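To keep things clear, I will list the structure first and then write my remarks on it.
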Amino acid sequence: MDYQKILAELISIVIKEGGSDLHLSEGRYPAVRVAGTLSYLVKKEVLKKEDTLGLLEALIGKERVKKFLEKQEFDFSYEFNKGEARMRGNAFIEKGAISVALRLIPRVKTLAELRLPPILTEFARKKQGFFLVVGPVGQGKSTTLASMINLINAERAEHIVTIEDPIEYIFEQERSMIDQREVGIDTKDFQTALNSVFRQDVNVIMIGEMRNPETMATAVTAAETGHLVFSTLHTNNASQTIDRIIDSFSAGQQDQIRVQLASSLLGIFSQRLVPRISGGMVPAYELLIKNNAVANLIREKRTHEINMIIETGSEQGMIDMNHSLLELVSMGEITPESAYTYSLNPKGLERSLS
């Protein structure tokens, strides 16, 4: 059976339908996610064991399939039809059967096209510091970071190094020199790549995800030593992000990381993709901008007070998640019910809506 041809047909359906994801699982029809809704392609055949294995081999090749079968988990990226589209994928075992989840990676869009606040350009134009984009899985964090990196690429002659697992967006060099390193292919792991980056005459570092204290510590140190560092975490908001970083360290190290964070942090952007009434998704977001008050709260172990700083900091450019959701409701973009679902403070939102 020609699994390359079958794969091409399935990916073409995702692109044609404006979908975001493709799921391939033994014993099921192929499925696509369009505008947040998952639908089975019932006109196709139910996938057999040899089909999922054949499709995975078409995606990653025989040698990497062997690695996957040993590890039972495998992250990868896939370029479709000579650059027409790029996908990131994860292969995994489910009740002894192979499953594959593929996410379509569109071209790098501008912040305006993504409907993100213009103030994010200010962080991309900084020369050094630490900026985080946070939120649950699948909320557009990588897309936001790619847009900010591409802004730097268009405006400044910098050396940018990205460390990703896997590489998602492919950047076309404009004014900047961009080196993209994929964990497991170009480097052993995030930590090894980060340790090496200090010897690579780098200006801007983008870390796909901070997964352990060692990576976090090196990222913060890089921001302190004259680099502009971007990364992501799977956290809900700014205060939780700061606590997550600090709590990752032993008790004896926490005071030191507090001081470093208070010094190097530029801001934390938390985002959610909310279903639009007219179809598709629209971003709602929170933005913390580090100022003297925020730095003091971090140093003094009072991060629980940061939410109040955000709520009252609109004049400085800070954005409260509830305010962002309310704006979308007032514009007729989302329903009040969706706003409640995605709010981090539903009681506060209720007071504003009533």
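Each reported figure results from applying straightforward, stated rules to the coordinates on display, with no laboratory input. These numbers come from a predicted model, not from an experiment. Because the Cβ atoms are built from the backbone with ideal geometry, glycine has one as well, and the counts that use them run over all protein chains shown.
If we count every other residue with Cβ under 10 angstrom of Asn307's Cβ, Lys/Arg +1 and Asp/Glu -1, where does the sum land? Before the final figure, lay out each step's value.
Working: positive: none; negative: Glu286, Glu305, Glu311, Asp320.
Value of the local net charge: -4.
Once the other residues with Cβ under 15 Å from the Cβ of Lys49 are scored (Lys, Arg +1; Asp, Glu -1), what is the net sum? Before the final figure, lay out each step's value.
On the way: positive: Arg28, Lys48, Lys95; negative: Glu26, Glu45, Glu50, Asp51, Glu57, Glu94.
Residues near Lys49 contribute -3 overall.
May I ask for log10 I(q)/I(0) of the chain at q = 0.11, 0.15 Å⁻¹, from a Debye sum over the Cα atoms as equal point scatterers with solvent left out?
For the chain, the Cα-only Debye profile gives -0.81, -1.35.
Of the candidates Gly27, Gly252, Gly313, which one comes out as most mobile in a Gaussian network treatment of the chain with C-alpha springs shorter than 10 Å?
Gly252
So which residue, out of Phe123, Phe198, Phe230, gets the largest mean-square fluctuation from a GNM of the chain using Cα contacts under 10 Å as springs?
It is Phe198.
Name the lysines eligible as straight-distance cross-link partners of Lys82: C-alpha to C-alpha under 21 Å, and not fewer than 8 places from it in the same chain.
Lys5, Lys16, Lys62, Lys109
Where a Cα-Cα gap under 12 Å defines reach, which aspartates and glutamates qualify for Lys188, not counting those fewer than 8 residues away within the same chain?
Within the straight-line limit of under 12 Å, Lys188 reaches these aspartates and glutamates: Glu164, Asp165.
In terms of modelled amide H atoms, which long-range or inter-chain residues lie less than 5 Å from the amide H of Leu266?
Amide H neighbours of Leu266: Phe130, Phe131.
Only helical DSSP H runs with n ≥ 4 go in: add -39500 (n - 2.57) per run for the chain, normalise by residue count and round the 222 nm mean residue ellipticity to 500 deg cm²/dmol.
Values: 14 runs with 139 residues, N = 354.
Rounded to the nearest 500, it is -11500 deg cm²/dmol.
What Kirkwood Rh does region 295-337 have if only Cα atoms enter the pairwise 1/r average? Answer in Å.
On the way: mean 1/r = 0.0842 Å⁻¹.
Final number for the Kirkwood radius of region 295-337 is 11.9 Å.
Restricting the calculation to Cα positions, tell me the Rg (one decimal) and the Dmax (whole number) of region 122-173 in Å.
11.5, 33
Once you have the Cα-Cα distance between Ser12 and Arg156, take 0.36 nm times their residue separation minus that, and quote the gain in nm to one decimal.
Values: separation 144, 0.36 × 144 = 51.84 nm, distance 3.59 nm.
Gain on extension, Ser12 to Arg156, equals 48.2 nm.
For the chain, modelled as a Gaussian network with Cα springs under 10 Å, which listed residue fluctuates most, Thr241, Thr121, Thr162?
Result for the chain, Cα springs under 10 Å: Thr121 fluctuates most.
Any idea what % of Cα-Cα pairs in region 3-105 are farther than 17 Å? Spell out each step's value before the answer.
Details: 2447 of 5253 pairs.
The calculated P(r) of region 3-105 puts 47 percent of pairs beyond 17 Å.
Applying the Karplus parametrisation 6.51 cos²θ - 1.76 cosθ + 1.60 with θ = phi - 60° to the phi angles of region 171-181, what ³J(HN,Hα) value in whole Hz is obtained for each residue in order, glycine and proline being reported as x?
Whole-Hz 3J(HN,Hα) from phi for region 171-181: 8, 9, 4, 10, 8, 8, 8, 10, 10, 10, 10.
Which percent of Cα-Cα pairs in region 67-209 sits in each 5 Å bin, short to long?
2, 9, 17, 21, 21, 15, 9, 4, 2, 1, 0
Please give the length that would be gained between Asn345 and Ala295 if that part of the chain were fully extended, namely 0.36 nm times their separation in residues minus their C-alpha to C-alpha distance (nm, one decimal).
Working: separation 50, 0.36 × 50 = 18.00 nm, distance 2.34 nm.
Between Asn345 and Ala295, full extension yields 15.7 nm more.
Summing Lys, Arg as +1 and Asp, Glu as -1, what charge do residues with Cβ under 13 Å from the Cβ of Ser270 carry, Ser270 excluded? Can you show the working numbers first?
Working: positive: Lys141, Arg244, Arg272; negative: Glu286, Asp320.
Charge balance in the 13 Å sphere: +1.
With a point put 7 Å past each Cα toward its Cβ, work out how far Glu224 is from Thr37 in nm, to one decimal.
5.2 nm
Compute log10 of I(q)/I(0) for region 246-354 with the Debye formula, placing one identical point scatterer on every Cα and leaving out solvent, at q = 0.19 Å⁻¹, to two decimals.
-0.94
So what are the ³J(HN,Hα) numbers for region 105-117, from phi and the Karplus equation (6.51, -1.76, 1.60; θ = phi - 60°), rounded to whole Hz, Gly and Pro as x?
Each residue's phi maps through the Karplus curve to give 9, x, 4, 5, 9, 7, 4, 5, 5, 7, 6, 9, x Hz.
Starting from the Cα of Lys127, move 7 Å in the Cα-to-Cβ direction to define the label point; list residues of region 200-214 whose amide nitrogen is under 20 Å from there.
It comes to 200-206, nothing else.
So for the pair Arg175, Glu84, with labels modelled 7 Å out along Cα→Cβ, what separation do we get in nm?
3.5 nm
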